[in-house]
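> My questions all concern the structure below.
The values are calculated or read from the model by the stated rules, or taken from the named source; none is laboratory data. Everything numeric here is computed off the predicted structure, so don't read it as measured data. Cβ placement follows ideal geometry from the backbone for every residue including glycine, while neighbour counts extend to all protein chains displayed.
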């Protein structure tokens with residue numbers, strides 16, 4: 001099993017290119033199910049999660065051609081409505097095929113999904129939403145089964161809490177429903193807007209994406225049409241490199257990063273003392289000698305993203321003073337704290353979702369274990385700033401969401417290798 005070894009202490013300098021967003025690409029690829037014909041995707045990242053959903057689509061019968069960051073999917077030949085456990089268990093986002101399958105075929109059978117062990121992320125809102133659109137739902141033997149007589153029917157649905165994949169699933173399903181669907185209390189992430197834009201290029205009629213209310217007028221045809229779709233840059237990868245530049249007291253241009261997608265990350269980095277300059281090419285981050293402590297509270301977009309909590313905690317662990325990290329999205333997302341403590345971080349947890357971070361002068365290299373995707377990224381940043389050698393085990397987690405992370409950091413002057 002691969003490991004990543006880092007000899008810390010080198011400030012990062014140079015330019016790094018941000019890849020396409022995993023969390024945008026996954027629903028976009030699932031949307032190909034709705035199309036009679038081929039969809040051409042550009043800026044697709046080379047990640048394990050992308051390979052997983054491509055394997056799932058191929059198993060359903062889709063034809064897929066890949067060349068670098070370009071992928072063509074023709075889902076016309078799909079003949080299977082069951083997403084099997086062996087394919088779905090690897091990645092929670094596999095649930096995104098449920099809405100498109102039942103919308104197109106009137107029947108879908110999808111295994112309950114897997115993914116990172118960061119707390120309960122139930123799919124009940126997906127299922128309640130599909131029921132509101134006329135689907136009959138049952139769960140037996142670990143599989144969700146959704147059926148409908150004829151086409152789904154437009155309706156109004158209110159999400160009890162904003163859910164990104166829930167919003168995406170129902171938005172896709174509603175494009176082939178009869179009549180109008182209005183989704184309320186929707187997630188507002190940039191990936192939602194990217195999906196809506198792509199669906200509209202495929203012939204759908206979606207308005208309001210990026211706000212709490214999304215309206216979808218179902219098309220008269222039984223499928224959408226071919227289109228070319230560009231995947232937006234990955235805001236979490238961009239944020240990870242921004243924090244790494246600040247933590248190592250470096251100077252890095254994060255090329256392709258979109259400031260409008262990561263306003264709260266920029267704000268918190270500036271509060272920590274880092275220089276953040278928005279340029280035509282991306283975002284330039286310069287670290288400072290004395291990092292200032294600042295509190296963070298994770299919130300649904302446009303608040304501070306839960307996917308950046310672990311990385312920012314590393315920055316705070318070497319800041320002057322104390323800071324509080326309040327995790328409000330997932331109840332089990334402090335697993336990385338034990339590993340950071342092994343490296344000398346002074347962090348204590350209270351109430352399950354509060355972490356008090358007392359800044360120390362330096363971290364020290366150690367053997368650590370990655371527990372999930374974003375925890376992996378935080379341990380890489382910790383290794384970059386630590387004195388001595390850090391070895392990160394179970395790095396398959398990081399391959400789910402970061403493309404060639406060790407190569408990118410190496411190009412910025414980090415002493416990092418996969419072994």
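> With a cut-off of at least 2 residues that are under 27 Å from the mean Cα position of the chain (by Cα) and touching a residue at least 40 places away in the same chain (Cβ under 8 Å), name the strands (runs of 3 or more DSSP E) lying wholly within region 323-376.
Where strands (runs of 3 or more DSSP E) fall fully within region 323-376 and carry at least 2 residues being under 27 Å from the mean Cα position of the chain (by Cα) and touching a residue at least 40 places away in the same chain (Cβ under 8 Å), they are 354-358.
> Still on this structure: Test each condition in (1) crowded, with 18+ Cβ neighbours inside 10 Å; (2) more than 30 Å from residue 289 (Cβ to Cβ); (3) touching a helix residue (DSSP H, G or I) at 6+ places or on another chain (Cβ under 7 Å); (4) at pLDDT 95 or above for residue 64 and report the one that comes out false.
Answer for residue 64: the failing condition is (1).
> Going by the conditions given, is residue 199 in contact with a strand residue (DSSP E or B) (Cβ under 6 Å, 6 or more places away or on another chain), in a strand (DSSP E or B) and touching a residue at least 40 places away in the same chain (Cβ under 8 Å)?
No.
> Inside region 406-416, can you point out the residues that are touching a residue at least 40 places away in the same chain (Cβ under 8 Å) and not in a loop (DSSP other than H, G, I, E, B)?
406, 408, 409, 411, 415, 416
> Condition check: within 17 Å of residue 364 (Cβ to Cβ) and surrounded by fewer than 24 Cβ atoms within 10 Å (Cβ to Cβ). Does residue 408 satisfy that?
No; evaluated as a whole, the condition is false for this residue.
> Let me ask something else. With 161, 144, 73, 95 as the choices, which residue is outside any helix (DSSP H, G or I), assigned by TED's automatic domain parsing to the domain that holds residue 197 and under 20 Å from residue 199 (Cβ atoms)?
73
Listed here are the residues, each with its yes/no results for (1) touching a residue at least 12 places away in the same chain (Cβ under 8 Å); (2) part of a helix (DSSP H, G or I); (3) farther than 24 Å from residue 151 by Cα; (4) assigned by TED's automatic domain parsing to the domain that holds residue 218.
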| position | (1), (2), (3), (4) |
| --- | --- |
| 28 | yes, yes, no, yes |
| 33 | yes, yes, no, yes |
| 41 | yes, no, yes, yes |
| 66 | yes, no, yes, yes |
| 80 | yes, no, no, yes |
| 126 | yes, yes, no, yes |
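> Can you report the number of residues in region 336-361 which are more than 21 Å from residue 326 (Cα to Cα) and either surrounded by fewer than 14 Cβ atoms within 10 Å (Cβ to Cβ) or touching a helix residue (DSSP H, G or I) at 6+ places or on another chain (Cβ under 7 Å) (or both)?
The qualifying residues number 2.
> Further question: Out of region 138-150, which residues are surrounded by 15 or more Cβ atoms within 10 Å (Cβ to Cβ) and more than 27 Å from the chain's Cα centre (by Cα)?
Scanning region 138-150 gives 147, 148.
> Would you mind stating whether residue 383 is in contact with a strand residue (DSSP E or B) (Cβ under 7 Å, 6 or more places away or on another chain), in a helix (DSSP H, G or I) and in contact (Cβ under 8 Å) with a residue 24 or more places away in the chain?
Answer is yes for this residue.
> Oh, and also: Restricting attention to region 67-81, and to residues there that are farther than 21 Å from residue 229 by Cβ and surrounded by fewer than 17 Cβ atoms within 10 Å (Cβ to Cβ), which single residue is farthest from the chain's Cα centre (by Cα)?
In this case the residue turns out to be 79.
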